[in-house]
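Structure first, commentary second.
The values are calculated or read from the model by the stated rules, or taken from the named source; none is laboratory data. These numbers come from a predicted model, not from an experiment. Ideal geometry is used to build each Cβ from the backbone, glycine not excepted, and the neighbour counts take in all protein chains shown.
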Amino acid sequence: MRPDLASYDSIIVAVSGGKDGTACLLALLEAGAPAERIEIWHHEVDGAGRSFMDWPSTGPYVAALARDFSLPLYRSWREGGFEREMLRDTAPTAPVVFETPDGVIRAGGQGPEGTRLRFPQVSASLSVRWCSASLKVDVADRALRGQDRFLNRRTLVVTGERAEESPARARYAAFEPHRTDTRNGTRRRRHVDHFRPVHAWSEAEVWAILKRWRVTPAAPYKIGFSRLSCAFCIFLSADALATLQWMDAARFIWLVDYEERFGCTIKRDRSLMQLAGEGRVFDAALTRPALVAAALSDRPIQSVLTEDWTLPAGAFGIGGGPV
């Protein structure tokens, strides 16, 4: 099924700066979605603070994308981000903060006490791979439930999971009611659908739509990374981690120190240091120092549109991904 895009009052596009979320936005525009009803949502994994796991350049890239297409951008995050949640010790999960058309709202933080004191683990289960659930899924759900502007209206949530990425994602529905949907409730009714417009797309189709719209890929793709999730995503390949160790040594050691402190590695069978030692630094990173600097910079980006579009070095690579 494909939704009637004109039937929605709001169309929320989740954008991380990666190719698939950007392709979703462009696919909606090509399909004739009313641009005045589209808004971009971006989750700040590090809690709008210093870069711990994410790329410093991701926020500026998403901001430039929204500006180029004259779309509103609303950011959301869990206070303290990834690091605070990872260090939670007999404490509730931190509150969520989200931007709205009327200002910033802070909610939650009063739940049951719990302890993590370890990195998320590579798993299809979001209770084990808690980063996705705590820093993205739950944050988005709270932002939806926390805004009365979505009550008694039709809302479409758009995300960029693709079947080609993994067997688990292949089982996702391309169109279904969203988790926050209460259309059949007796109070606080929200009609919220979830649409994955690129679910059946190949990676080649994703790059093709970015090329058609002249949207340049984010800097990490250009230096060899095949995915744009967190910089230090738990799914990273040995080569990707070796590249990060070379280009961002201080942050690499920061994470290694936490692994040693917890006595529990991210990859279970080997440490970050061991995995990086098995890898080889991407050639594109070694030969493009200006792009390496851009990937590690949080300075504003003027535009993501380009007349000189080229396929990035990370295209069609094997950089690790969701199980």
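Overview of results
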item: Where residue 216 falls short, out of the listed (1) at pLDDT below 95; (2) out of contact with any Lys or Arg (no Cβ under 7 Å at 6 or more places or on another chain); result: (1)
item: Yes/no for residue 292 being outside any loop (DSSP other than H, G, I, E, B) and either on the phi < 0 side of the Ramachandran plot or in the same structural domain as residue 223 (by TED's automatic domain parsing) (or both); result: yes
item: Lone unmet requirement of (1) polar (S, T, N, Q); (2) in a helix (DSSP H, G or I); (3) surrounded by fewer than 23 Cβ atoms within 10 Å (Cβ to Cβ) for residue 186; result: (2)
item: Answer from 138, 102 - the residue that is of a type in the set (Asp, Glu), buried (at least 18 other Cβ atoms within 10 Å of the Cβ) and closer than 30 Å to residue 190 by Cβ; result: 138
item: Among the candidates 61, 74, 8, residue that is touching a Lys or Arg at 6+ places or on another chain (Cβ under 6 Å), touching a residue at least 24 places away in the same chain (Cβ under 8 Å) and of a type in the set (Ser, Thr, Tyr); result: 8
item: Residue pairs meeting the criteria (Cβ under 7 Å; at least 6 apart or on separate chains; first within 17 Å of residue 153 (Cβ to Cβ) and of a type in the set (Phe, Trp, Tyr), in the stretch 173-201; second assigned to a loop (DSSP other than H, G, I, E, B) and modelled with pLDDT of 95 or more); result: 195/3
item: Residues of the stretch 238-288 classified as aliphatic (A, V, I, L, M) and within 19 Å of residue 122 (Cβ to Cβ), total; result: 12
item: Verdict on residue 243 being among the hydroxyl-bearing types (Ser, Thr, Tyr) and in contact with a Phe, Trp or Tyr (Cβ under 6 Å, 6 or more places away or on another chain); result: yes
item: Only one of 163, 143 that is in contact with a His (Cβ under 8 Å, 6 or more places away or on another chain), crowded, with 16+ Cβ neighbours inside 10 Å and small (Gly, Ala, Ser); result: 163
item: Of the criteria (1) aliphatic (A, V, I, L, M); (2) closer than 30 Å to residue 269 by Cβ; (3) in contact (Cβ under 8 Å) with a residue 60 or more places away in the chain; (4) not in a loop (DSSP other than H, G, I, E, B), which one residue 157 fails; result: (2)
item: Within the stretch 201-262, helices (runs of 4 or more DSSP H) holding 1 or more residues that are surrounded by fewer than 19 Cβ atoms within 10 Å (Cβ to Cβ); result: 203-212, 238-247, 249-262
item: Residue in the stretch 96-119 that is hydroxyl-bearing (Ser, Thr, Tyr), touching a residue at least 24 places away in the same chain (Cβ under 8 Å), out of contact with any His (no Cβ under 7 Å at 6 or more places or on another chain) and not in a loop (DSSP other than H, G, I, E, B) present; result: yes
item: Residue identified as more than 15 Å from the chain's Cα centre (by Cα), assigned to a loop (DSSP other than H, G, I, E, B) and at pLDDT 95 or above among 50, 67, 88, 84; result: 88
item: Of the criteria (1) touching a residue at least 40 places away in the same chain (Cβ under 8 Å); (2) in contact with a strand residue (DSSP E or B) (Cβ under 7 Å, 6 or more places away or on another chain); (3) surrounded by fewer than 22 Cβ atoms within 10 Å (Cβ to Cβ), which one residue 56 fails; result: (2)
